[in-house]
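Here is the structure we will look at.
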Amino acid sequence: MNRGRRPIVRDALAIAVADGIFGVTFGALAVSAHLSLLEACALSLLAFTGASQFALVSVLAAGGGSPAAVASALLLGARNTLYALRVRSLLPRQWWPLRAHFVIDETTGMALGQRESSLHLPAFTITAACVFMMWNIGTAIGALVGLTTGDPRRFGLDAAGPAVFLALLVPMIKGRAELVATLAAAVTTLVTLPILPPGVPVLLAAAVGGLVAMVMRR
């Protein structure tokens, strides 16, 4: 194996193992939100974006309807479009529609982290293959565990969704604008949660947070 690719394989496998653990959590939460084993696995295969999948099952588990759940998932998944715009300049144009399915945080970070241009594609491809495999295996295991135990809350898995969102949020708070926008979104969620249908507070909080951030940056 090329020496330049060894660190890529090592890092990709480490990332994939961590994602696989989150996949187990997602699978268990998915079946607790009344998705079947097939539906949970299909969601990981076809959507393949963890935060969006957690958002969808969290809204469903809270009693929200499908429109609110899908809207929440799409809102979080929109950032992958921005990743794609950046990564596309690093990768060959061949097979781009297929590669677009694998544009996520991990593959983007690995591709952008390579100093040599010849390693952009291997970093993206190797990471995509490892994470995709482990995420889907984890989902299947988690769904089976969820179906067996019947209540993922016994293992604290109901807290995994919020934990994932916090893990995504904290690195993004780099200045006053982001901090104020985050607080505004949090307050909006707390105020509207008791009075609005499940899923709607999240969408409203995202709109308020985005507006506050825009005003603060100006």
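The values are calculated or read from the model by the stated rules, or taken from the named source; none is laboratory data. Every value quoted in this text rests on a predicted model; they were computed, and no experiment measured them. Cβ coordinates were reconstructed from backbone atoms using ideal geometry, including for glycine residues, and neighbour counts include every protein chain displayed. Side chains included, ligands, DNA and RNA excluded: accessible areas come from the protein's heavy atoms. Shrake-Rupley method; radii C 1.70, N 1.55, O 1.52, S 1.80 Å.
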Which whole-number percentage describes the relative contact order of region 37-115, with Cα contacts under 8 Å and a sequence gap of 6 or more? 26 percent
What does the accessible area of T81 come to, in Å² to the nearest 10, when a probe of 1.4 Å is used? 90 Å²
Restricting region 52-96 to trypsin sites (Lys or Arg not before Pro) in coil, as DSSP defines it, with at most 13 other Cβ within 10 Å: R93
Translational D in µm²/s for region 35-158 (Stokes-Einstein at 4 °C, 1.567 mPa s, Kirkwood Rh from C-alpha pairs): 82 µm²/s
Would you mind telling me the share, in percent, of accessible area of region 23-100 contributed by carbon and sulfur at probe 1.4 angstrom? 69 percent
DSSP loop chymotrypsin sites (Phe, Trp or Tyr not before Pro) in region 47-108 with at most 11 other Cβ atoms within 10 Å of their Cβ, which ones? W95
Mind checking which of G175, G113, G20 has the largest fluctuation in a GNM of the chain, springs on alpha carbons under 10 Å? G175
Tell me, what is the per residue accessible area of the chain in Å², probe radius 1.4 Å? 56 Å²
With a point put 7 Å past each Cα toward its Cβ, work out how far R10 is from S36 in nm, to one decimal. 4.5 nm
Net charge within 13 Å of V131 by Cβ-Cβ distance, Lys/Arg positive one each and Asp/Glu negative one each, not counting V131 itself? -4
For region 64-74, in order, what is each residue's ³J(HN,Hα) by Karplus, 6.51 cos²θ - 1.76 cosθ + 1.60 with θ = phi - 60°, in whole Hz (x at glycine and Pro)? x, x, 4, x, 5, 5, 5, 4, 4, 5, 5
Value in Å of the Kirkwood radius, where the chain supplies the Cα pairs that are averaged: 18.4 Å
